[in-house]
Amino acid sequence: MANVKTNTEAQRMTFWERIYLPEIARGLGLTFRQMFKPTFTRQYPEERWIPEGSYRGRPVLVQEEEGERCVACGLCSRVCPALAIEVRAAETTQEKERYPEKFEINMLRCIYCGFCEEVCPEEAIVMSKDYELVFGSQEEGIFGKDKLLVPVSQLQERLEFLRQWR
Amino acid sequence: MNLTQFLIITAQAGMLVNMMLIAAAYMVLAERKVSAWIQNRLGPNRVGWWGMLQSFADVFKLYLKEDIVPAAADYKFHALAPVISIAVAITVYAVIPWSGPLIEIDGVQYGLAMAPDMNVALLTILAMTSVGVYGVALAGWSSNSKYSLMGGLRSAAQMISYELSMGLSIIGVVLICGSLNLVEIIQYQTANGWNVFYQPLAFVIFFVTALAETNRAPFDLPEAEPELVGGYHTEYSGMKFGLLYLAEYGNMLASSAIMATLFLGGWDPVPFIDEAALLGLDPYSLPMVLIQHGVFVGKAATLVFVFIWIRWSLPRFRYDQLMNLGWKILLPLSLANITITGIVLLLLN
């Protein structure tokens, strides 16, 4: 540490810096200028933010014309770190053979990590852009198939994003 | 004192108390608005036009809130502390000359001040601000909580050390004007120019000590949120908290008004100019008095804005820095100011 230059207290600050007041005036000038700059506030209920495709909002099930894409493999339930997903499989006579009889996501537990979407082999569960989640009771926080199914047309942006970066 | 006088003075007192309460409400709004602008935000704008009713909504909420007293607190003193704080804050308003005489009834003139011609007004103000420490210290002590006690102790130490410099900085003004009567001080300044030009050092010292006395940033150690949760009012809720908060803003407006009176010429609109003669008005006529009232309120409001502006610009002092500034810098400076003022006045006369 031979090159370290040591300063005494007096050398570190000039007289004008040590009496504080001019520096305080400079600081006040800075904050005064800030007052006239444009604000960043979004007037929320009137002005809503529309997220990009990369946004991880509420997880939803993709619904196609013949029904949901989900084949009830249970991988999402398995991978979910918050144990928020419950799937019960059932069989049909259709081409896909399996479908979820019960698919529930506990939105009070969900941490929006997107693992369910990543692990899904069918691209059946994806993260939507929906970030407005309010419920009045704990029971309302458990979303069943009625709330989870979203038509594929509304999820195009997210699906394209997933294919682009997969 | 006859009945008419009694009724008029009671009405004046009612007006002043209400004025203070409403002013405090809008100062809270101003605080939130200015802080928002400095941080490039909008601030409250939902309750009423431009957020005008926000403070009233807040006070309504405070009334509805549960009043919690800590189990280990001394209930009597816990309840007494906010009362002392607010009573002291209101008392100071009695002597502030908000306006000259507005009406004359039975040969007695009345203005927007309770006791404008009191000959010891300045001493009353200093005495009352000293009593204000009791409110804060009691609040901190009676809560029986560590954070509150720390806040109360800090504030007691801080207010007592800064009071010295505050009192000494005023002496320069008193020496020049030769009076403790606030109206006479204003009249002297109207005739001879504002005190801030003769006593700039005293003005700076008074401003700094006023910040410390009102527990405003950068001297807000008694309620330093990051260290002490809420400081001396941590254990207060509901309207008791509201009263402590109100007293704080009341003190802020009172200090601003006193500063305007002592250093910025009180209700004199422009220094070194005789406005009454310029406008062709009698200096004691109603329009002139109203103009002066507006000017006085404007000066006080500007100083309140500066208080707020400083709060949102500067970081908090450390405790040792605070004490060093008070005892090692401001006290010697104010003593030097008195000495120099005294010598100069002696030489001039």
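Throughout, read-outs are computed from the coordinates displayed, never taken from laboratory work. Remember, predicted model here, so these are calculated numbers, not experimental data. Here Cβ is always computed from backbone atoms with ideal geometry, including for glycine, and neighbour counts include all displayed protein chains.
Neighbouring Cβ atoms from other chains, within 10 Å of the Cβ of residues in B:291-303, number 0 on average. Between region B:251-290 and region A:29-98, what is the separation of their alpha carbon centroids in Å? Between the Cα centres of region B:251-290 and region A:29-98 lies a distance of 63 Å. Across the alpha-carbon set of region B:1-159, the Rg to Rh ratio works out to 1.04, Rh being the Kirkwood radius. Each Cα pair under 8 Å and six or more residues apart adds its sequence gap; the mean of these over the residue count of chain A is a relative contact order of 25 percent.
Within 10 Å of each candidate Cβ there may be at most 15 other Cβ atoms; applying that plus a DSSP loop requirement, which GluC sites (Glu not before Pro) in region A:51-129 survive? Don't skip to the end; give the middle numbers.
Working: sites: A:52, A:64, A:65, A:66, A:68, A:86, A:91, A:95, A:97, A:101, A:104, A:117, A:118, A:122, A:123; in loops: A:52, A:65, A:66, A:95, A:97, A:122, A:123.
Passing both the DSSP loop test and the Cβ count: A:52, A:65, A:66, A:95, A:97, A:122.
Span-like helices, chain B: DSSP H, alpha-carbon axial extent 18 Å or more, mean Kyte-Doolittle 0.5 or greater, which ones? Don't skip to the answer; put the middle values down first.
On the way: long enough: B:3-38 (51 Å, 1.26); B:75-93 (29 Å, 1.43); B:121-142 (32 Å, 1.59); B:146-177 (46 Å, 1.05); B:200-213 (19 Å, 2.04); B:238-262 (36 Å, 0.89); B:286-311 (37 Å, 1.57); B:331-348 (26 Å, 2.13).
Qualifying helices: B:3-38, B:75-93, B:121-142, B:146-177, B:200-213, B:238-262, B:286-311, B:331-348.
Charged side chains reduced to their Cβ positions (Lys and Arg at +1, Asp and Glu at -1) give chain B a dipole of some 960 debye around its Cα centre. Any chance you could tell me what percent of the C-alpha pair distances in region B:78-199 go past 18 Å? Of all Cα-Cα pairs in region B:78-199, 62 percent lie more than 18 Å apart.
Compute the projected area of the convex hull of the Cα atoms of the protein assembly as shown, averaged over all viewing directions, and report it in nm² to one decimal place.
On the way: hull surface 153.6 nm².
That works out to 38.4 nm².
Using the crude model of +1 on Lys and Arg Cβ and -1 on Asp and Glu Cβ, and no other charge, please compute the dipole size for the protein assembly as shown relative to its Cα centre, in debye to 20.
Details: 39 positive and 49 negative charges, 245 e Å.
The dipole magnitude comes to about 1180 debye.
Within 10 Å, count the other beta carbons around each residue, average over each peptide in A:33-43, B:144-154, and list them highest first. Walk me through the numbers before you get to the answer.
Details: A:33-43: 10.6, B:144-154: 21.3.
My ranking of the peptides, most packed first, is B:144-154, A:33-43.
The lysines within cross-link reach of residue B:299, meaning a Cα-to-Cα straight distance under 24 Å and a gap of 8 or more places when in the same chain, are B:33. Report note on the peptides B:183-192, B:306-315: ranked by the mean count of other C-beta atoms within 10 Å, highest first, their order is B:183-192, B:306-315. Considering chain A, its Cα convex hull presents a mean projected area of 19.6 nm². Compute the acute angle (0 to 90°) between the alpha-carbon long axis of helix A:156-165 and the principal axis of greatest extent of the alpha-carbon atoms of chain A; round to the nearest 10°. It is inclined by approximately 70 degrees.
DSSP beta bridges confined to chain A are antiparallel in about 80 percent of cases. Of the two radii for region B:244-319, the radius of gyration is 1.13 times the Kirkwood radius, both from the alpha carbons; that is the Rg over Rh value. DSSP beta bridges confined to the protein assembly as shown are antiparallel in about 85 percent of cases. For chain B, relative contact order (Cα pairs under 8 Å, six or more residues apart, normalised by length) works out to 22 percent.
Principal-axis analysis of the Cα atoms of chain A puts helix A:21-34 at an angle of about 30° to the longest axis.
Taking 4.7 Å between beta carbons as the limit, the unpaired Cys residues of the protein assembly as shown are A:70, A:73, A:80, A:110, A:113, A:120, B:177. Listed by chain and number, the lysines whose C-alpha is less than 21 Å from the C-alpha of residue B:240, apart from same-chain residues fewer than 8 away, are B:61, B:65, B:76, B:146.
What is the mean projected area of the alpha carbon convex hull for region A:7-95, to one decimal in square nanometres? Before the final figure, lay out the partial values.
Values: hull surface 59.6 nm².
Reported value for the Cα convex hull: 14.9 nm².
Based on the alpha carbons, how large is the Rg to Rh ratio for region B:135-259 when Rh follows Kirkwood?
Value, to two decimals: 1.08.
Of the residues A:99, A:44, B:232, A:131, the one with the fewest other Cβ atoms within 10 Å heads the list, and the complete ranking is A:44, A:131, A:99, B:232.
Pairs of Cα atoms in chain B fall into 20 Å distance bins, from 0 up to the last occupied one, in shares of 28, 58, 14, 0 percent.
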